[in-house]
Amino acid sequence: MSLKRSYMEIELKMIKLVKSTFYNEIETKKKLCDFILGSKQLSMNQKCLEFETKFAKYQGRKYAIMVNSGSSANLALIQSLLNLKILNKKSKVGFSALTWATNIMPLIQLGLEPIPIDISLKNLNVCSDNLLEVLEKVELDALFITNLLGFCGNLDKISEICKKKGIVLIEDNCESLGSALNDVKLGNFGLASTTSFYVGHHMSTIEGGMVCTDDKELYDMLLMTRAHGWDRNLSQDKQKRLMKENSVDDFHAKYTFYTLGYNFRPTEITSFLGIEQLKFIEKITNSRCKNFHKFNDIANQNPHFHKLDASHMSFVSNFAYPLICKDHDKFENYKKKFVENNIEIRPIVGGSIIEQPFFKSYESTKKINFECSNAKKANMFGFYFTNRPDLTEDELELIKNLLRSD
Ligand SMILES: Cc1ncc(COP(=O)(O)O)c(C=O)c1O
């Protein structure tokens, strides 16, 4: 057998983190071909509006703005809060130490002061105790919390603390679409939240993202930030008001740039995919929730792992299951077992993000000497494996047996 063929066979048998581009892959691709062939305009247009409207309804928010990735959603949101002067260059913004790089990068890129907050090993998220500990040392202007891997801390309590102290709460919900606390979907606890439609996440538009909010002013600003800082996607009333305030005539209004923006526009193609995949979102999240509980019930019986407690949540939908071992030897032992059984594993998201080279190289973060020991532990002794909605019974059995093993 050739080496190439044996690699291919290993690949085929592997329990991969991501197996296909879409839920209902073949049908979706066929529909996509028909859509492209039958469309006159593929740059942002009506399909985008339609997906935004449907997604806002699913999320339970008034407004949704689609962009070209979850990372762009984060950057557009922070830029919009700066444009509206809700935040400024001196703002101190708390963030979860266990997160993804592009949660925190916009804070650095836009010159704000990022303040790391450690997580609880019980649910891998920032809890009110972690927040209160930091608030004893620093006054925060905002908290850009991450809902990591389908979980949350006590977000209801965190939201109360933020309200009381005048801290702007925003949620990076790129990893937790569909999860809920007290029957409230994650992403609905602050002023705004972001979502990612990257292929490996809950629902795929290949690449894509969304910002959701109930705030009309922020919505309008996001529409401008998403597209060059111009007014083209605003209502006619709002356009007229801006033209009058800035003494702009009809002709020049076409190329008048009112605020700092980017080009983060999605296409009709990704919007079409969003509409199609949203039809399956309940199926996707329900089967992920079912798998999660199967894995968690077994893992929590094994004394070699830190117990994950999601009992405060009404619905848990994660795209991967995180396993944190109690020590280095056990970590090496289970890592080996998963690899030998051909199950793809990865470090837990970005690990403790303050240990990452980019974070350490940024001048103004050097003075931050917050200890984030739990995030560090999750990084040193943890890995995750897939919680795909299409895992077969055999694949589930194999994983469950490994979780049971000594
Ligand atoms: C918490 C979190 N925020 C933001 C992002 C960025 O999303 P995207 O890959 O769509 O840019 C990710 C990506 O994995 C993430 O995990």
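The values are calculated or read from the model by the stated rules, or taken from the named source; none is laboratory data. All values derive from a computational prediction rather than experimental measurement. Quick reminder, even Gly has a Cβ in these numbers, built from the backbone with ideal geometry, and neighbours come from all protein chains shown. For the accessible areas, the whole protein counts, side chains as well, though only heavy atoms, and no ligand, DNA or RNA atoms are used. Shrake-Rupley method; radii C 1.70, N 1.55, O 1.52, S 1.80 Å.
Show me the helices (runs of 4 or more DSSP H) entirely contained within the range 1-119 in which 2 or more residues are at pLDDT 95 or above.
On the way: elements: 3-13, 25-38, 46-59, 70-83, 101-109.
Qualifying helices (runs of 4 or more DSSP H): 25-38, 46-59, 70-83, 101-109.
Condition check ((1) more than 16 Å from the ligand (Cβ to nearest atom); (2) in contact with a strand residue (DSSP E or B) (Cβ under 8 Å, 6 or more places away or on another chain)) across all residues:
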| position | (1), (2) |
| --- | --- |
| Cys48 | yes, yes |
| Tyr58 | yes, no |
| Gly70 | no, yes |
| Asn74 | no, yes |
| Met105 | no, no |
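Of these, Leu149, Leu124, which one is assigned to a helix (DSSP H, G or I) and in contact (Cβ under 8 Å) with a residue 40 or more places away in the chain? Outline the logic, then answer.
Details: Leu124 fails: assigned to a helix (DSSP H, G or I).
One residue alone meets the criteria, Leu149.
Under 7 Å by Cβ, and 6 or more places apart or on different chains, what pairs join a residue from the range 54-74 that is open to solvent by 10 Å² or more (accessible area, probe 1.4 Å) with one that is part of a helix (DSSP H, G or I)?
Filtered contacts from the range 54-74: Lys54/Ile275; Lys54/Leu278; Tyr58/Leu278; Tyr58/Ile281; Lys62/Ala56; Tyr63/Ala56; Tyr63/Tyr219; Ser71/Thr102.
Of all residues being buried (at least 24 other Cβ atoms within 10 Å of the Cβ) and in a loop (DSSP other than H, G, I, E, B) in the range 192-250, which is farthest from the ligand (Cβ to nearest atom)? Just the residue, please.
Step by step, filter the range 192-250, then rank; the result is Asp231.
So is Ile275 assigned to a strand (DSSP E or B), hydrophobic (A, V, I, L, M, F, W, C), more than 16 Å from the ligand (Cβ to nearest atom) and open to solvent by less than 50 Å² (accessible area, probe 1.4 Å) or not?
Values: assigned to a strand (DSSP E or B): no; hydrophobic (A, V, I, L, M, F, W, C): yes; more than 16 Å from the ligand (Cβ to nearest atom): yes; open to solvent by less than 50 Å² (accessible area, probe 1.4 Å): yes.
Considered against the rule, which asks whether it is assigned to a strand (DSSP E or B), hydrophobic (A, V, I, L, M, F, W, C), more than 16 Å from the ligand (Cβ to nearest atom) and open to solvent by less than 50 Å² (accessible area, probe 1.4 Å), Ile275 comes out as no.
Take the conditions part of a helix (DSSP H, G or I) and open to solvent by 50 Å² or more (accessible area, probe 1.4 Å) and apply them to Lys307. Does it pass?
Working: part of a helix (DSSP H, G or I): no; open to solvent by 50 Å² or more (accessible area, probe 1.4 Å): yes.
The answer is no for Lys307.
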